[in-house]
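Following: one structure in structure tokens, then a few remarks.
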Amino acid sequence: MGETVAVNRKARHEFTIEDTFEAGIVLLGTEIKSIRAGKVNLQEAYARIERGEAWLVGVHIAPWESGGRWNHTPRRDRKLLLHRFQIDQLLGKTKAKGLTLVPLKMYIDDRGHAKLEVGLARGKQLYDRRHDIAERDARRDMARQLADLQRGR
């Protein structure tokens, strides 16, 4: 993996990620420039399978400053590039198990192409989120106490 451009931090908080996939994105000319500049927002974005194709919906890629009239629309739907068997697999899991496709992070790979890590996710209930927060706080407290013991306090 290359340079990370954007991370959807809310995704891991609100969803349990069961599997991840790497997908390419079909972009217009000025979009890749904005992505390389890090002007991407993955919040409230999702992916869907429609007519045998995967689509990324709700991602905001800021217009390029020097784009002029050739600039792109910031919130347009973008096609995801996946293999046919991956699309069929994702379609089956989202239909049967009630899972959803959530973009986790966008990055530039070693060849300079924009890639998206898509997670197959199940929504968390409020009590699951509270449980995760309590677990994280407990681990943090244990690490703090262990560090204090090692320092000799």
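The values are calculated or read from the model by the stated rules, or taken from the named source; none is laboratory data. Remember, it's a predicted structure, so these values are computed and weren't measured experimentally. All Cβ positions, even for glycine, are placed from backbone atoms using ideal geometry, and neighbour counts span all protein chains on display.
Pairs are defined by a Cβ separation below 6 Å, a sequence spacing of at least 6 or placement on different chains, a first member in region 1-30 that is surrounded by 13 or more Cβ atoms within 10 Å (Cβ to Cβ), and a second member that is small (Gly, Ala, Ser); the pairs so defined are Val5/Gly38; Phe15/Ala121; Phe15/Gly123; Ile17/Gly119; Ile17/Ala121; Thr20/Gly119; Ile25/Ala114; Thr30/Gly67.
Can you tell me which residues in region 17-37 are within 13 Å of the chain's Cα centre (by Cα) and of a type outside the set (Phe, Trp, Tyr)? Matches in region 17-37: Ile17, Asp19, Thr20, Glu22, Ala23, Gly24, Ile25. Give the number of residues within region 78-101 that are more than 14 Å from Ala23 (Cβ to Cβ) and either in contact with a helix residue (DSSP H, G or I) (Cβ under 8 Å, 6 or more places away or on another chain) or not in a helix (DSSP H, G or I) (or both). Final tally of qualifying residues: 3. Residue pairs whose Cβ atoms lie under 6 Å apart, separated by 6 or more positions or on different chains, with the first residue in region 115-143 and modelled with pLDDT under 80 and the second surrounded by 11 or more Cβ atoms within 10 Å (Cβ to Cβ) and β-branched (Val, Ile, Thr), are Lys124/Thr16. When you check Lys105 against the structure, is it under 18 Å from Ser34 (Cβ atoms) and buried (at least 17 other Cβ atoms within 10 Å of the Cβ), yes or no? In short, yes. Scanning region 8-64 for residues that are of a type outside the set (Val, Ile, Thr) and in a helix (DSSP H, G or I) yields Arg9, Lys10, Ala11, Arg12, His13, Glu14, Gly29, Glu31, Lys33, Ser34, Arg36. Any residue at all in region 66-84 that's on the phi > 0 side of the Ramachandran plot and not hydrophobic (A, V, I, L, M, F, W, C)? Yes. For beta carbons closer than 7 Å, sequence separation of 6+ or different chains, a first residue in region 34-63 that is without any contact (Cβ under 8 Å) to a residue 40 or more places away in the chain and on the phi > 0 side of the Ramachandran plot and a second that is part of a loop (DSSP other than H, G, I, E, B) and crowded, with 18+ Cβ neighbours inside 10 Å, the qualifying pairs are Gly58/Ala45. Can you pull out the residues in region 65-76 that are assigned to a loop (DSSP other than H, G, I, E, B) and among the charged types (D, E, K, R)? Correct list: Glu65, Arg75, Arg76.
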